[in-house]
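Engineer: Got a structure for you, questions after.
The values are calculated or read from the model by the stated rules, or taken from the named source; none is laboratory data. Note that the structure is a prediction, hence the values are computed from the model and not measured. When we count neighbours, we look across all protein chains shown, and the Cβ atoms used for this are built from the backbone with ideal geometry, even at glycine. Only protein heavy atoms, including side chains, enter the accessible area calculation; ligands, DNA and RNA are left aside. Shrake-Rupley method; radii C 1.70, N 1.55, O 1.52, S 1.80 Å.
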Amino acid sequence: MARRLDVLAGFVATPITVRRGLLARLHYLTRTDHARLAAGEAGLTVTERTLKAWLDGKRSPSKKNLERIETAYRTVRRHNVARYLLARLNREGRGTRVEFHPLNQSQVDRPRQRVVEYRTLNVRRWDRIVEAWVGDDAEALDDAWVSEAVVDLGSQWGQYEYVTNVGFAA
């Protein structure tokens, strides 16, 4: 679920190790005072002088700082798109159709394969799911996903707790 929400968030595709990717993230984190404050809260605590040197290409961030920049960028981006994404997923109470693709059982011996089919479900309540995703809390996301979505599959919900793919668009 988190991977799919990350795709919908539209993160910068260029890796941070490439100058273009680094600059895109730094510009995103330093464009406004609000973004700078959020980046600081997310763990990017460097001086203005250091930031300017990185942006001008006079110095390069250390590996540890690259990780901090990436973490801060993802945290700030998730927070910034959460409200918009939540509105699109909830669609004023109509929800979003989710597709569950079962585990690939081609490597399982024929008599031991379970009959699990492709299923769809309309998820109407995304608030807890998106909140857990924004907080990068995998346990809360798992709890929210099971209690808000998977349990609505009825008696077969256990077969769809672990799947190959979950697909939805917003």
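Engineer: Within segment 91-109, does at least one residue satisfy the condition of being part of a helix (DSSP H, G or I) and polar (S, T, N, Q)?
Structural biologist: no
Engineer: How many residues does segment 1-41 contain that are touching a Gly at 6+ places or on another chain (Cβ under 7 Å) and aromatic (Phe, Trp, Tyr)?
Structural biologist: Total satisfying the criteria: 0.
Engineer: Looking at segment 20-49 only, could you name the residues that are among the β-branched types (Val, Ile, Thr), modelled with pLDDT of 90 or more and loosely packed, with under 13 Cβ neighbours inside 10 Å?
Structural biologist: THR47
Engineer: Is segment 67-84 home to any residue that is more than 30 Å from ALA149 (Cβ to Cβ), of a type in the set (S, T, N, Q) and in contact (Cβ under 8 Å) with a residue 12 or more places away in the chain?
Structural biologist: No, every residue in segment 67-84 fails to be more than 30 Å from ALA149 (Cβ to Cβ), of a type in the set (S, T, N, Q) and in contact (Cβ under 8 Å) with a residue 12 or more places away in the chain.
Engineer: Name the residue that is nearest to the chain's Cα centre (by Cα), counting only residues in segment 66-108 that are of a type in the set (S, T, N, Q) and surrounded by fewer than 16 Cβ atoms within 10 Å (Cβ to Cβ).
Structural biologist: Only one residue fits best here, namely THR71.
Engineer: Of the residues VAL115, VAL151, which is of a type in the set (Val, Ile, Thr), at pLDDT below 90, open to solvent by 60 Å² or more (accessible area, probe 1.4 Å) and not in a helix (DSSP H, G or I)?
Structural biologist: VAL115
Engineer: Are any residues in segment 50-65 in a helix (DSSP H, G or I) and surrounded by 12 or more Cβ atoms within 10 Å (Cβ to Cβ), and if so, which ones?
Structural biologist: Hits for segment 50-65 are THR50, LEU51, LYS52, ALA53, TRP54, LEU55, ASN65.
Engineer: For residues in segment 120-147 being surrounded by fewer than 15 Cβ atoms within 10 Å (Cβ to Cβ) and touching a residue at least 40 places away in the same chain (Cβ under 8 Å), which is farthest from the chain's Cα centre (by Cα)?
Structural biologist: Selected residue: ASP127.
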